[in-house]
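Laboratory data are not the source of any read-out in this text; all were calculated from the coordinates shown. Nothing here was measured: the structure is a model prediction, and the numbers come from that model. Because the Cβ atoms are built from the backbone with ideal geometry, glycine has one as well, and the counts that use them run over all protein chains shown.
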Amino acid sequence: MPLFQNAAFHTTVARLRDLPSDSRCEIAFAGRSNSGKSSAINTLANHSRLAFVSKTPGRTQHLNYFRLADGKYFVDLPGYGFARAPEEVRARWEGLLAPYLQQRAPLCGLVLIMDSRHPLTELDRKMLGWFAPTGKPIHVLLSKADKLTRQEQIVTFRDVRRELVELCGNCSLQLFSSLKKSGVAEAESVLGAWLGLEAKAELRASGSAGEGGAEPRRGAATGRDVPTADGVAGDREKETPGKGGGRGQDMPYGNKAPAQGGEAGDGQTIR
Ligand SMILES: Nc1nc2c(ncn2[C@@H]2O[C@H](COP(=O)(O)OP(=O)(O)OP(=O)(O)O)[C@@H](O)[C@H]2O)c(=O)[nH]1
Ligand SMILES: [Mg+2]
């Protein structure tokens, strides 16, 4: 059974004070509008309509929580770079997302989705520069890999990996396609490890408990130079202190960075 098969919609959050208080570990899915965030959540959950998917950019407007297990969540975020979003909406997103991304304690990692045909846009770089200083891990999904030839996948993967090393100390990446459902096992391995769900999956897979065979699969994302045969690949670089200024630096959702101290938009403390 896929690791996130039991995912179920939990809640929608539009104000920081409504963030779930029982969360112990949550993973946020960020990226440009229309890059495939909601689709990736559906694919990982093996569910066609858990998160709303749309051809029209700007579909996801709030923080949508999907419960995976007790205290463990995926969080679908609004996309950035949606040119038609009015300034007021963008300001609201920034007021919500800037403090969320930088201060939310149970946020244990970020999945950054980039359309593999246009990876590392200026806004993606802003997001990396914004989030990397938290020291939390980032896993990049190069989405819509089905739109690239095998050769293009290899080149894109290598190019993005080379650049990521410069931009982010605690990053990994892989190719992913929701259409072809490729890259799922690799993503499960990385995200399951962040959530502490992977060991259980290993036990299930090996059919034995406590037999050494339940070693975590973290290595699955390590040290590959090129995508593997099923179009999946990964790489986990050594952790180095994040570059970029974090607070005070440009945030991809709006035009202005939040005030020093990371005001919570609705005056709430982030937990
Ligand atoms: N070919 C292909 N299309 C995809 C893939 N993933 C998503 N799409 C399509 O891309 C469009 C946007 O997908 P969404 O998952 O809604 O994107 P999003 O990033 O959640 O978008 P916003 O919520 O607007 O920020 C939809 O038409 C999807 O069907 C993929 O792996 N391959
Ligand atoms: Mg969406």
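Around the amide H of Phe82, modelled in the peptide plane, lie the amide H atoms of Ser33, all under 5 Å away and 5 or more residues distant in sequence or on another chain. Here the stretch 8-221 is described by how far its Cα atoms reach on the three principal axes: 56, 45, 34 Å, from widest to narrowest. Of His118, His62, His139, the sequence from fewest to most neighbouring Cβ atoms within 10 angstrom is His118, His62, His139. Rounded to the nearest Hz, the phi-derived 3J(HN,Hα) couplings of the stretch 89-100 under the Karplus curve 6.51 cos²θ - 1.76 cosθ + 1.60 (θ = phi - 60°) are 5, 4, 5, 5, 4, 5, x, 7, 7, 4, x, 4, where x marks glycine and proline.
Under 5 Å from the amide H of Tyr73 lie the amide H atoms of Cys25, Glu26, Ile27, Leu68, each residue being 5 or more positions distant or on a separate chain, with H modelled from the backbone and absent for Pro and chain starts.
Once both labels are positioned 7 Å from their Cα atoms along Cα-to-Cβ, the gap between Ser54 and Arg84 label points is 0.9 nm. Here the stretch 8-221 is assigned +1 on the Cβ of each Lys and Arg and -1 on the Cβ of each Asp and Glu. Its dipole about the Cα centre then comes out at about 460 debye.
Close Lys pairs in the stretch 1-140 (alpha-carbon distance under 24 Å; sequence gap of 8 or more, or different chains): 6.
Whole-Hz Karplus values for the stretch 26-42 come out as 10, 10, 8, 9, 10, x, 4, 4, 6, 6, x, 5, 5, 4, 5, 4, 4 Hz, taken residue by residue from phi with 6.51 cos²θ - 1.76 cosθ + 1.60 and θ = phi - 60°; glycine and proline positions read x. Phi angles across the stretch 118-132 convert, under the Karplus curve 6.51 cos²θ - 1.76 cosθ + 1.60 with θ = phi - 60°, into 3J(HN,Hα) values of 9, x, 6, 5, 4, 6, 4, 5, 4, 4, 4, x, 6, 8, 3 Hz, Gly and Pro given as x. How would you classify the stretch 27-87 from its alpha-carbon gyration tensor, with a ≥ b ≥ c the square roots of the eigenvalues: rounded for a/c under 1.5, else prolate if a/b is greater than b/c, otherwise oblate? Prolate, because a/c is 1.5 or more and a/b exceeds b/c. The residues Phe176, Phe29, when put in order of fewest to most other Cβ atoms within 10 Å, stand as Phe29, Phe176.
Model label points for Phe9 and Val165, set 7 angstrom from Cα along the Cα-to-Cβ axis, are 4.4 nm apart. Ranking Phe66, Pro86, Leu141 by how far each Cα lies toward the positive end of the dipole of the stretch 45-141 (charges on Cβ) leaves Phe66 at the top.
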